[in-house]
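Structure first, then comments.
FYI, it's all coordinate maths here, none of it is from the lab. This one's a predicted model, so the numbers in the text were calculated from it and none came from an experiment.
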Amino acid sequence: RRGFLGRKDKIIKLVAEDGAEFKISRRWACISSYIKKACEDDKVSTVTITKVDEESLERICEYMENRKGDDFIKVSKTLKVTMLDNVGKDFAWCAKWIDLRARHRPKFYKLIAAANHMGISGLVSLGVTKIATLLKYCRTEDIDRVLDPHITDGQLRQLRKFVVVNGKSKEKSYNSGT
């Protein structure tokens, strides 16, 4: 299938549970603790990853290719409304990439589950930050709708706009003491 290759790096073949194969730089792939452990034997050239489908593994390889062996750092600050504000300009690619992935909820949730299974803590943190960003300012009764895997991006934008506008106005009045 698709190759995700670095210059002069050893190559490893990653195989999804449905048989799809991806070639990627071994160094880049080792941001996954699952793959790193499998590669303790330097002779390993193929790693089969159970519980991860083709599409999720392809997205994970895209992420690995962009990060070039350096996993995303964990976000440990007060959440803001946009992913770019949460992760900073140095990680703009990550913010845009996760925003695109989150548009299709079932695939996004599978991706985050796959990253968790593969031990890619930075990608899990990125996904969880995206979920938390979606939930910022949500009322309890809005949470199910925001997280609904069947909601479309267009529906979510309208809901998020409503939730954010109402949440910000409540936060503003709370902070001003009224």
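If the segment from SER45 to LYS89 were pulled out straight at 0.36 nm per residue, it would be longer than the present Cα-Cα gap by 12.3 nm. When the pairs LYS13/LYS136; LYS37/LYS130; LYS43/LYS130; LYS36/LYS136; LYS43/LYS96; LYS23/LYS130 are compared against a 32 Å limit on Cα-Cα distance, LYS13/LYS136; LYS43/LYS130; LYS36/LYS136; LYS43/LYS96 fall above it. The length gained by stretching the chain between LYS37 and ASN66 to full extension, at 0.36 nm per residue less their Cα-Cα distance, is 8.3 nm.
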